[in-house]
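Asker: Provided herewith is a single structure, encoded as structure tokens, for subsequent inquiry.
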Amino acid sequence: MNMRIWSATLGFLLSLCFMGCTTRMPVQEGDAVPHGQSFSKEVCKTVESNYLLYLPEGYEDSRKQWPLLLFLHGAGERGDDLSLVETHGPPKLIAKEGKALPFVVVAPQCPDGEWWSGGEMIDTLNALLDHIIATCRIDEERVYVTGLSMGGFGTWRLAAEYPDRFAAIAPICGRGDPFMARMIPHLPAWVFHGAKDDVVPLQASQEMVDALKKADGNVTFTVYPEAGHDSWTETYTNPALYEWFLTHTRSGNKRQGNKKP
């Protein structure tokens, strides 16, 4: 029997430390020459997230470590009603279609007015991953992230901000910063988009794919010729996506460098 734990709330302190420049020499009154100084202060803040958590079949009956799949929903599922997160993607497959996935799946909900790609939410997602890894039996070599539309934006941004955290990513109809592709050439990316998308144009994914190829990145691009914005239904119902995730490990990516699959 599959075990599902839904409607969890997370709140904790996230500590951020910033270091300034090194002091060179004391500043004298009236001295017009700038001098390097140093500054160090610990800044703490509280981040909070509501999320869905799925524990796969066999989790309670073994002591093995499991791969972790982080799913980021689209803009239409924001708010404080967690049932909205089950509208698409892995949460829908699990909760509404009874599919069993061989991952611990965590699916947070973005608050109204926020975006996954925003700095505050990136901090929250990173802290949430820390929390899940600390409280569940997770194989840190096999942590994956995927998301659709707004969640695709977040997938690109999170991977670029924490390029050594993940084993593979799958952004769907999202947009990223091509300049940041230089941070993730080692990270396998399977990118999906509909050719007739009139919400997030195909070019948004194409630019990221081109930037990764220029950086000798490990990227695969699937374009659905007849699909509009909904390029996620076909993607998430395809078993090949989940099989592809499991072929990648974080340390394996480093050993293989930028070798294509």
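Asker: Please compute the length gained on full extension between Lys214 and Glu243, using 0.36 nm multiplied by the number of residues separating them and subtracting their Cα-Cα distance.
Answerer: Separation in residues times 0.36 nm, less the Cα-Cα distance, equals 7.8 nm.
Asker: Can you run the Rg to Rh ratio on the range 77-119? Use alpha carbon positions and the Kirkwood inverse-distance Rh.
Answerer: Rg divided by Rh gives 1.02.
Asker: What would the Debye equation give as log₁₀ I(q)/I(0) for the range 138-181 at q = 0.13, 0.16, 0.28 Å⁻¹, counting only Cα atoms as equal point scatterers?
Answerer: -0.25, -0.37, -0.95
Asker: How much length is gained if the chain between Lys45 and Asp164 is pulled fully straight, taking 0.36 nm per residue apart and subtracting their Cα-Cα distance, in nm to one decimal?
Answerer: 40.5 nm
Asker: Taking 0.36 nm per residue of separation and subtracting the Cα-Cα distance, what length does fully extending Phe179 through Asp61 add?
Answerer: 38.0 nm
Asker: Could you tell me the calculated FRET efficiency between Val223 and Lys96, based on Cβ-Cβ distance and R0 = 30 angstrom, to the nearest 0.05?
Answerer: 0.65
Bear in mind that the values in this text are calculations on the coordinates, not laboratory data. It should be emphasised that the depicted structure is a prediction, and the values quoted were computed from it without experimental measurement. All Cβ positions, even for glycine, are placed from backbone atoms using ideal geometry, and neighbour counts span all protein chains on display.
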